[in-house]
Amino acid sequence: MANILVTGGAGFIGSHVAKALMSRKDEVIIVDNFNSYYDPQLKEDRIKKLLKGFTPKLYRVSINNFDDLRKVFAENKIDKICHLAAQAGVRYSLENPGAYIQSNIIGTHNLLELAKEFKIKDFVFASSSSVYGGNTKIPFSEKDLVDRPVSLYAATKKANELEVYAYHHLFGINAIGLRFFTVYGPWGRPDMALFKFIKALLADQPIDVYNNGQMKRDFTYIDDIVAGVISALDKCQGYEIINLGNNKPVDLEYFIRIIEESLGKEAVKNYLPLQPGDVVATYAEIRKAHKLLGWQPKTSIEDGIKEAIHWYKDYYKLD
């Protein structure tokens with residue numbers, strides 16, 4: 001049993017990780033600022049409903065406020081840090097770049113400084129498949145060069161990987177950076193394609209389909225991602241960057257077709273060009289995850305979408 005700080009613990013991935021940790025009797029300290037990037041009520045409900053029956057210690061603070069964050073460390077004996085808080089979203093980084101610098105750069109720096117001060121040796125953090133940018137070699141390997149990000153979001157995630165390595169090198173902090181590939185599932189973010197499409201179809205509204213539908217994504221189900229995060233926390237040694245992806249890229253048109261079939265509705269598609277910051281395809285090489293973490297994704301896109309739709313209808317009280 002360990003005392004684990006989960007930043008972004010009211011977020012999509014963070015809340016699921018917190019539940020998994022508490023289910024195995026770890027003590028969890030959650031830090032989340034419940035910001036309004038998307039409906040804060042969803043974050044409140046993750047704490048109230050997804051984590052029902054559990055009692056994490058909850059701090060409503062921003063990781064970019066060093067004094068508030070230091071108080072969390074001073075008041076708790078923290079054994080490991082699971083850093084999942086971030087300003088998410090590729091397209092939003094074009095509209096509000098300062099939010100990404102504050103949360104992703106300054107917030108991560110604050111956590112590293114406090115890990116150093118409080119002598120916390122294990123630091124697992126969220127990176128992103130976005131760091132691969134416009135790489136054309138597939139599948140994406142952790143050995144690939146990632147020095148040409150096509151969005152500010154991706155640039156901040158690459159910067160995180162670099163700074164964490166420096167703290168590992170200088171201060172002996174064990175660290176694993178997990179490059180997540182398009183995570184989806186129940187309690188997911190409403191700004192992501194899956195729930196935007198579900199919402200539109202149920203309301204008989206058209207959906208926006210970018211790059212004229214010529215896109216592929218390595219959609220990875222939330223339960224599989226959680227298993228990878230937990231394994232990284234348990235096996236955190238040295239410094240490693242590891243892909244967590246389903247290793248089975250899905251055509252966007254097929255993704256939409258599964259949603260249509262699950263809902264019994266046909267989408268009206270508004271075809272649009274590729275958006276700034278977007279990439280055409282993602283595809284994770286996951287041999288390193290299997291070797292170091294014993295990790296293998298288990299959930300098919302068909303089963304994952306069905307679970308997500310079931311949750312969506314239940315949460316929003318739809319027939």
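VAL146 meets each of the listed conditions (1) free of Cβ contacts under 8 Å to residues at least 24 places away in the same chain; (2) hydrophobic (A, V, I, L, M, F, W, C); (3) surrounded by fewer than 15 Cβ atoms within 10 Å (Cβ to Cβ) apart from (3). Criterion first (among the basic types (Lys, Arg), out of contact with any helix residue (DSSP H, G or I) (no Cβ under 6 Å at 6 or more places or on another chain) and more than 25 Å from GLY188 (Cβ to Cβ)) does LYS52 satisfy it? No; evaluated as a whole, the condition is false for this residue.
Figure legend. Inter-residue proximity from segment 288-315: first residues of a type in the set (Phe, Trp, Tyr), second residues surrounded by 17 or more Cβ atoms within 10 Å (Cβ to Cβ) and assigned to a loop (DSSP other than H, G, I, E, B), beta-carbon distance below 6 Å, spacing 6+ or different chains. Indicated pairs: TRP311/PRO186. Just one residue in the set LYS43, LYS49, LYS19 is surrounded by fewer than 17 Cβ atoms within 10 Å (Cβ to Cβ) and either touching a Gly at 6+ places or on another chain (Cβ under 6 Å) or over 19 Å from PHE123 (Cβ atoms) (or both); that residue is LYS49. Here segment 216-236 is the region considered, the condition is being in contact with a strand residue (DSSP E or B) (Cβ under 7 Å, 6 or more places away or on another chain) and aliphatic (A, V, I, L, M), and the residue that is farthest from HIS83 (Cα to Cα) is ILE222. Among the residues of segment 106-143, those that are surrounded by fewer than 18 Cβ atoms within 10 Å (Cβ to Cβ) and either assigned to a helix (DSSP H, G or I) or out of contact with any Asp or Glu (no Cβ under 9 Å at 6 or more places or on another chain) (or both) comprise ILE106, GLU113, LYS116, GLU117, PHE118, LYS119, GLY134, THR136. Can you tell me which residue within segment 218-252, out of those that are hydrophobic (A, V, I, L, M, F, W, C) and in contact with a Gly (Cβ under 6 Å, 6 or more places away or on another chain), is surrounded by the most Cβ atoms within 10 Å (Cβ to Cβ)? Applying the filter and picking the extreme gives LEU244.
In this structure, LEU94 does satisfy being at pLDDT below 95, among the aliphatic types (A, V, I, L, M), under 19 Å from TYR153 (Cα atoms) and out of contact with any Lys or Arg (no Cβ under 8 Å at 6 or more places or on another chain). The criterion of being under 30 Å from TYR210 (Cα atoms), surrounded by fewer than 15 Cβ atoms within 10 Å (Cβ to Cβ) and either in contact with a His (Cβ under 6 Å, 6 or more places away or on another chain) or of a type in the set (Lys, Arg) (or both) holds for ARG91. Only residues that are among the β-branched types (Val, Ile, Thr) and under 19 Å from the mean Cα position of the chain (by Cα) were counted across segment 234-262, and they come to 3. Please verify whether ALA267 is of a type outside the set (Val, Ile, Thr), closer than 30 Å to VAL164 by Cβ and in contact (Cβ under 8 Å) with a residue 24 or more places away in the chain, treating the condition exactly as stated. No; evaluated as a whole, the condition is false for this residue.
Look through segment 275-312, keep the residues that are in a loop (DSSP other than H, G, I, E, B) and within 19 Å of LYS137 (Cβ to Cβ), and return whichever of them is farthest from the chain's Cα centre (by Cα). Spell out how you get there, then give the answer.
First pass over segment 275-312, keeping only residues in a loop (DSSP other than H, G, I, E, B): 275-280, 282-283, 285-286, 294-300.
If we keep only those that are within 19 Å of LYS137 (Cβ to Cβ) as well, we get 278-280, 282-283, 285-286.
Numbers: ASP278: 17, VAL279: 17, VAL280: 19, THR282: 15, TYR283: 16, GLU285: 18, ILE286: 17 Å.
That would be VAL280.
Yes or no, residue by residue, for (1) under 16 Å from the mean Cα position of the chain (by Cα); (2) closer than 20 Å to ILE242 by Cβ:
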{"position": "ILE101", "(1), (2)": "no, no"}
{"position": "GLU113", "(1), (2)": "no, no"}
{"position": "PHE125", "(1), (2)": "yes, yes"}
{"position": "PHE140", "(1), (2)": "no, yes"}
{"position": "ILE173", "(1), (2)": "no, yes"}
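Considering the conditions (1) over 24 Å from ASN246 (Cα atoms); (2) over 13 Å from the mean Cα position of the chain (by Cα), ASP144 is excluded by exactly one of them, (1).
The values are calculated or read from the model by the stated rules, or taken from the named source; none is laboratory data. Here the structure is a predicted model, which is why all the values come from computation and not from measurement. No Cβ is skipped: glycine too gets one built from the backbone with ideal geometry, and neighbour counts run over all protein chains shown.
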